[in-house]
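**Student:** After the structure tokens below, expect a handful of questions from me.
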Amino acid sequence: MKVHSLKERANWYNQAFPQYAKYAWLQASPYWLWGIWSIGNNYKGSGYYGSFPPKFLDRVMSMFPDAVNILHLFSGSLDNKVKGDRFDINPDLKPDIVGDAHDLSNLVKKKYDLIIADPPYSGEDAEHYGTPMVNRNKVVEECVKILYPHGFLLWLDQTLPMYKKRELNRCISIGIERSTNHRFRQLIGWQKV
């Protein structure tokens, strides 16, 4: 993946979604890409508990049209038509790779330009999925091992995991709101050093 600036990535998003200019914009400097996505009260989805908000993946991918090797970590019910490999612990969901994310680097035999992670946000969420709660810090360490240099890790969550600044440069922060009575989330992004 060619190294593009964060400003280029924000411009790609803003060009792809000009209709969102008033309520779901992105801005960037040489060091940060930030914004807010007010996704609204569209309750469509896969029907799977915790699935991505509508158009979430389209928005993310508009910033990374250059990504070739993509991993969808904690892929859940993500459709098999998405670009990239789907990784999940639940074999019933038919991911491309089945396994525990805490052991990611031993299970995945290639490197990625882009990893998009959407872990359970709480113990209650993990119960809904029928999985154990994730040790965010350990999974971030595992992701670093399978990212190409200058590759991106995007983490959708309500908690900022710990990371090593010598390995990852935090450079993306996008607040995501759906509507009333929904949790506010953040898309956190790091670039591998």
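The values are calculated or read from the model by the stated rules, or taken from the named source; none is laboratory data. It should be emphasised that the depicted structure is a prediction, and the values quoted were computed from it without experimental measurement. For neighbour counting, all protein chains shown are included, and Cβ atoms are generated from backbone atoms with ideal geometry for every residue, glycine included.
**Student:** Find the residue count for region 165-193, including only residues that are of a type in the set (Gly, Ala, Ser), at pLDDT below 95 and touching a strand residue (DSSP E or B) at 6+ places or on another chain (Cβ under 7 Å).
**Tutor:** 1
**Student:** Quick one: count up the residues across region 51-90 that are closer than 19 Å to Ala24 by Cβ and charged (D, E, K, R).
**Tutor:** Qualifying residue count, region 51-90: 3.
**Student:** Given (1) in contact with a Ser or Thr (Cβ under 8 Å, 6 or more places away or on another chain); (2) surrounded by 13 or more Cβ atoms within 10 Å (Cβ to Cβ); (3) of a type outside the set (A, V, I, L, M, F, W, C), identify the lone condition not met by Asp79.
**Tutor:** Among (1) in contact with a Ser or Thr (Cβ under 8 Å, 6 or more places away or on another chain); (2) surrounded by 13 or more Cβ atoms within 10 Å (Cβ to Cβ); (3) of a type outside the set (A, V, I, L, M, F, W, C), the lone unmet condition for Asp79 is (2).
Residue-wise test of (1) assigned to a loop (DSSP other than H, G, I, E, B); (2) more than 28 Å from Arg9 (Cα to Cα).
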site	(1), (2)
Ala67	yes, no
Ile115	no, no
Glu127	no, yes
Met133	yes, yes
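**Student:** Okay, moving on. Out of the residues in region 128-171 meeting the condition of being touching a Ser or Thr at 6+ places or on another chain (Cβ under 9 Å) and basic (Lys, Arg), tell me which one is farthest from Phe56 (Cα to Cα).
**Tutor:** Among those that are touching a Ser or Thr at 6+ places or on another chain (Cβ under 9 Å) and basic (Lys, Arg), it is Lys145.
**Student:** Please indicate, with yes or no, whether at least one residue in region 48-59 is exposed (fewer than 14 other Cβ atoms within 10 Å of the Cβ), at pLDDT 95 or above and either among the aromatic types (Phe, Trp, Tyr) or part of a loop (DSSP other than H, G, I, E, B) (or both).
**Tutor:** Checked against the condition, which is being exposed (fewer than 14 other Cβ atoms within 10 Å of the Cβ), at pLDDT 95 or above and either among the aromatic types (Phe, Trp, Tyr) or part of a loop (DSSP other than H, G, I, E, B) (or both), region 48-59 yields no hits at all.
**Student:** I would also like to ask the following. Only one residue in Ile172, Ile97 is surrounded by 13 or more Cβ atoms within 10 Å (Cβ to Cβ) and either of a type in the set (Asp, Glu) or free of Cβ contacts under 8 Å to residues at least 24 places away in the same chain (or both). Which one?
**Tutor:** Ile97
**Student:** Which residues, counting only those in region 135-155, are outside any helix (DSSP H, G or I), surrounded by fewer than 22 Cβ atoms within 10 Å (Cβ to Cβ) and either without any contact (Cβ under 8 Å) to a residue 60 or more places away in the chain or of a type in the set (A, V, I, L, M, F, W, C) (or both)?
**Tutor:** Scanning region 135-155 gives Asn135, Pro149, Leu154.
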